[in-house]
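Read the structure below first, then the notes.
Here, each number is a calculation from the coordinates, and none is a lab measurement. What you see is a predicted model; the values in this text were computed from it and never measured. Heads up, the Cβs are rebuilt from the backbone with ideal geometry, glycines too, and the neighbour counts pull from every protein chain shown.
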């Protein structure tokens with residue numbers, strides 16, 4: 001786990017199961033962690049949109065998310081049941097046997113700030129025209 005502890009109880013539980021907690025990192029250091037990890041797991045409900053999922057996705061690693069995650073359009077993502085240790089374990093094992101997630105990586109390479117701004121502009125235009 002990397003970053004601040006949002007819930008002391010959750011952090012304690014994860015640490016008791018063998019997790020390690022590292023402090024927040026700058027982007028260059030964090031990118032190396034994403035690039036070298038075997039699977040990125042976001043089984044937490046604390047980051048519902050999941051910018052970190054995109055960050056991991058830029059490195060092509062297999063991604064595990066839990067139910068309740070807001071986004072539904074991530075290609076080749078592995079979904080586990082939130083709060084269910086057995087489901088999370090199975091999803092991680094599946095991720096470890098999966099190859100790089102190149103489809104999501106390629107999709108993210110198309111997501112420039114300009115493209116995002118154009119998407120928002122389309123949404124605002126639709127709202128204003130109604």
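Here the calculated FRET efficiency for residue 113 and residue 71, from their Cβ-Cβ distance with R0 = 25 Å, stands at 0.85, rounded to the nearest 0.05.
Using a cutoff of 8 angstrom between alpha carbon atoms and counting only pairs six or more residues apart, the relative contact order for segment 1-108 works out to 23 percent.
Indicate the gyration tensor shape class of segment 26-90 (rounded, prolate or oblate), computed on the Cα atoms with a ≥ b ≥ c the square roots of the eigenvalues: a/c under 1.5 is rounded; otherwise a/b larger than b/c is prolate and the rest oblate. Judged from the Cα gyration tensor, segment 26-90 comes out prolate (a/c at least 1.5, a/b above b/c). A convex hull fitted around the alpha carbon atoms of the chain yields 133 Å³ per residue. Comparing Cα centroids, segment 1-15 and segment 61-83 end up 20 angstrom apart. Relative to the longest principal axis of the Cα atoms of the chain, helix 27-36 runs at roughly 70 degrees. Taking each residue as 0.36 nm, the span from residue 7 to residue 35 lengthens on full extension beyond its C-alpha to C-alpha distance by 7.4 nm.
When averaged across all projection directions, what area in nm² does the alpha-carbon convex hull of segment 1-59 cover? Mean projected area of the Cα convex hull: 4.1 nm². When the Gaussian network model of the chain links Cα atoms closer than 10 Å, the mean-square fluctuations of 66, 97, 45 top out at 97. Ordering of 51-64, 12-25 by packing is 51-64, 12-25, highest average first (other Cβ atoms within 10 Å, averaged per residue).
Here each label is just a point 7 Å from Cα along the line to Cβ, and for residue 15 and residue 97 those points are 3.4 nm apart.
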